[in-house]
Amino acid sequence: MPTLIQGVKITILATLLGSVLAAIVGLGIALARRSPNKAVSRTVGWVAEFIRGTPLLVQLYFIFYVLPDIGILLPPLVAGVIGLGLHYGTYTAEVCRG
């Protein structure tokens with residue numbers, strides 16, 4: 001039972017941190033998409049569409065397994081929070097862009 005409770009705590013922490021990161025990323029993407037600079041607006045739009053178009057699980061695998069191969073080592077919780085934040089941040093950007 002203690003292992004289950006510890007898992008629930010980590011899940012809640014990852015959810016909260018991922019939500020905060022998603023709000024920050026989403027606001028940043030929404031502001032960049034409204035930029036008068038067409039290069040910035042289109043580039044950010046393309047990146048957001050790419051992230052939204054790939055499954056979350058693929059992104060999490062990429063962050064956790066591929067990034068260490070190029071020298072970026074992240075703890076599991078940090079990798080999960082970054083994956084959740086980036087993925088859901090693109091959806092938040094569409095809500096903010098309205």
Limited to segment 19-39, what total is found for residues that are crowded, with 17+ Cβ neighbours inside 10 Å and not in a helix (DSSP H, G or I)?
0
Being modelled with pLDDT of 95 or more and either within 21 Å of G98 (Cβ to Cβ) or of a type in the set (S, T, Y) (or both) is the filter here, so list the residues in segment 1-19 that pass it.
T11, T15, S19
Which residue pairs have Cβ atoms under 8 Å apart, sit 6 or more places apart or on different chains, and have a first residue in segment 26-51 that is more than 15 Å from Y88 (Cβ to Cβ) and a second that is basic (K, R) and not in a helix (DSSP H, G or I)?
S41/R34
For M1: the one exception among (1) more than 17 Å from the chain's Cα centre (by Cα); (2) buried (at least 16 other Cβ atoms within 10 Å of the Cβ)
(2)
Meets criteria (over 28 Å from G7 (Cα atoms), aromatic (F, W, Y), part of a helix (DSSP H, G or I) and under 14 Å from the mean Cα position of the chain (by Cα)) for F62:
no
Checking L74 against (1) outside any helix (DSSP H, G or I); (2) in contact (Cβ under 8 Å) with a residue 24 or more places away in the chain, which single condition isn't satisfied?
(2)
Under the condition of being under 19 Å from A23 (Cβ atoms) and not β-branched (V, I, T), which residue from segment 46-78 is surrounded by the most Cβ atoms within 10 Å (Cβ to Cβ)?
A48
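The values are calculated or read from the model by the stated rules, or taken from the named source; none is laboratory data. Source: prediction; values computed, not measured. Methodologically, a virtual Cβ is constructed for each residue, glycine included, from the backbone with ideal geometry; neighbour enumeration extends over all protein chains shown.
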